[in-house]
2 protein chains.
Amino acid sequence: MSKPLILVVNDDGITAPGIKALVEAVRHLGEVVVVAPDSPQSAMGHAITISKPLRLKQVDVFEGIKSFHCSGTPVDCVKLAVDKVLHRHPDLCVSGINHGSNSSINIIYSGTMSAAMEASLEGIPSIGFSLCDYRHEADFTPSAYYAKYIVEQVLKKGLPAHTLLNVNIPKLSLADIKGIKITRQARAKWEEEYLERQDPTGKPYYWLTGKFVNHDHGTDTDEWALANGYVSVVPVHHDLTAHYAIPFINENWDFSVIDKGNDNPAPTISKEDFNL
Amino acid sequence: MSKPLILVVNDDGITAPGIKALVEAVRHLGEVVVVAPDSPQSAMGHAITISKPLRLKQVDVFEGIKSFHCSGTPVDCVKLAVDKVLHRHPDLCVSGINHGSNSSINIIYSGTMSAAMEASLEGIPSIGFSLCDYRHEADFTPSAYYAKYIVEQVLKKGLPAHTLLNVNIPKLSLADIKGIKITRQARAKWEEEYLERQDPTGKPYYWLTGKFVNHDHGTDTDEWALANGYVSVVPVHHDLTAHYAIPFINENWDFSVIDKGNDNPAPTISKEDFNL
């Protein structure tokens, strides 16, 4: 039986300490291939590159590991890896280890998690890992330990179809981490405040700053787990439908306005009615 | 009572015909303010600008409508509008009308829908509109007609908390559109194929191309509605938790490996164990 094929991606770029830690965590669990951005791509969300071409280059970064860097976003890296680099369907995609939390609503801005989600859309079981420590010199040892454990479990037990994992690791020593909690995404948000500055000609420009605010007091959330010393594992899917809202709309909207029938013929609206 | 405050954003840029159609559709329904990108920002997903500052400039594009363009992504436009442009909480955010479909999984790559989702995260009821016609010269009259109807319904009836709408309009005349269906996101995906070219020095580069494949045969999906002549309205939320998968993991993973206790003390792992 061939070894599992594991694709490693990230959003901090191929030279970030976090991806090195992830490569080391999984290097003995399968055949590992790295395709990662050639420059930092944090906060790129699910952006893809459509109006310019991409570069892809084999590089020698991790001893004994086939590695490529790519000029695109984290999602581009996954797409290119699947189409141009890997010659069979991978058994797993791991993304990260991100320098900084991707818990709660951060998932939606995160290049790390978008790469993992793209892999999941491709039918590849996938996991994004993030350490709640932004510093370049952060200690990735506890993260590598838990990443190895979680990857082993997923390779052995699989994941439900169309499901990926968002794993966040608290900024604690291995001795102080209490274990793992399987959690849900906390309802939280960023309250942004733009700093206004002026350029030499007096024109204003704005820097994004913000404060993360957790409105969710549940004890089953990712934020609760991290605040209480646990590694948080949120299973994630990509059906954004708010199924609960379908009956609300069907019951509340006045569809008679647009219904077609004998009493209510097709509207005769022209471009001019909308000044188009 | 003051008129509802309506924020208009898009991802094709402030000069796109689609945003003009949306402004005209809603201009009599409230006080309208536009904050839109100064250049096309398609496929930016939920990207935000963090490593450089943003520019924001008042411009005179739509007669009698306060308008600004912004150097950032669609999500940046919403954040800047809330913090720096609008002086009260808007009653509604509308995004689009996008040139091209954002049905099914396209929602995840879409700047139009990410802007609407960002507004929803800010607690603003929001709606993204997309016309299934990529052409600059597309006829936005049917879209404007349905956008006006849907905005009127949402202003009157509201939306469930933390819910936005993904509206897609088929490329049909008003006479041929059969009505509206409230639907769910179809399970579909892009099968990408990168075109390889060579630059003058012989180095390869890659252009993204792809084929949209719908694997979902349900008759309650957005893809079904559009293919059958209906405007599709998918209610959307931003909790990505795969709640169904939480018991699967709790039941299947072997937590004894990492459990701490008398028989199983804290692991003594060092950086060197992971070659870090």
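Please treat every number below as a calculation from the coordinates, not as lab data. If you're wondering where the values come from, they're calculated on a predicted model, not measured in any experiment. Cβ placement follows ideal geometry from the backbone for every residue including glycine, while neighbour counts extend to all protein chains displayed.
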Which FRET efficiency value, to the nearest 0.05, is calculated for residue A:250 and residue B:276 with the Förster distance at 56 angstrom and r the Cβ-Cβ distance?
0.50
Mind running the shape call on chain A? Use the C-alpha gyration tensor, a ≥ b ≥ c as the square roots of the eigenvalues: rounded below 1.5 for a/c, prolate if a/b tops b/c, oblate otherwise.
prolate
List the distances, in nm to one decimal, from the label point of residue A:216 to the label points of the same position in every other copy, shortest first, placing each label point 7 Å from Cα along the Cα-to-Cβ direction.
2.2
Share antiparallel - DSSP beta bridges, chain B, percent rounded to 5:
40
Could you calculate the FRET efficiency of residue B:203 with residue B:50 from 1/(1 + (r/R0)^6), where r is the beta carbon distance between them and R0 is 25 Å, rounded to 0.05?
0.25
Would you please put A:132-139, A:161-168 in order of how densely packed they are, using the mean number of other Cβ atoms within 10 angstrom per residue and starting with the highest?
A:161-168, A:132-139
Stokes-Einstein translational diffusion, region B:34-144 - Kirkwood Rh over all Cα pairs, 1.567 mPa s, 4 °C, in µm²/s
90
Would you work out the charge dipole size for chain B about its Cα centre, treating the Cβ of every Lys and Arg as +1 and the Cβ of every Asp and Glu as -1, and quote it to the nearest 20 debye?
920
Pick from B:248, B:68, B:129: which residue has the top mean-square fluctuation in a GNM of chain B where Cα pairs under 10 Å get a spring?
B:248
Enumerate the amide H contacts of residue A:230 below 5 Å, restricted to partners 5 or more residues apart or on another chain; note that Pro and chain-start residues carry no placed amide H.
A:178
Helix B:111-121 axis, angle to chain B major axis (alpha carbon atoms, nearest 10°):
80
In the neighborhood of residue A:144, defined by Cβ-to-Cβ distances under 12 Å, what is the net charge if each Lys or Arg adds +1 and each Asp or Glu adds -1?
0
Per-selection metrics, region B:157-216 (Cα): Rg and Dmax in Å:
19.8, 61
Arranged from highest to lowest average of other beta-carbon atoms within 10 Å per residue, in what order do the peptides A:41-48, A:205-212 appear?
A:41-48, A:205-212
With a ≥ b ≥ c the root eigenvalues of the C-alpha gyration tensor of region A:136-276, is it rounded (a/c under 1.5), prolate (a/b larger than b/c) or oblate?
oblate
Computed [θ] at 222 nm, helices only, for chain A once each DSSP H run of length n ≥ 4 contributes -39500 (n - 2.57)
-6000 deg cm²/dmol
What do you get for the angle between helix A:141-157 and the principal long axis of chain A? Use alpha-carbon atoms, 0 to 90 degrees, nearest ten.
70
Using Cα centres only, tell me the gap between region A:202-276 and region A:19-56 in whole Å.
30
Can you work out ³J(HN,Hα) from phi for every residue in region B:45-55, in order, using Karplus 6.51 cos²θ - 1.76 cosθ + 1.60 and θ = phi - 60°, giving whole Hz and x for Gly and Pro?
x, 9, 4, 10, 9, 10, 9, 9, x, 10, 9
Among B:215, B:99, B:69, which one moves the most in a GNM of chain B with springs linking Cα atoms closer than 10 Å?
B:215
Strictly greater than 18 Å: what percent of every Cα pair in region A:1-99 meets that?
39
Tensor-based shape of the protein assembly as shown (alpha-carbon gyration tensor, a/c under 1.5 rounded, otherwise prolate or oblate):
prolate
Dipole in debye (nearest 20) - region B:6-125, about Cα centre, beta carbon charges: Lys, Arg +1; Asp, Glu -1
220
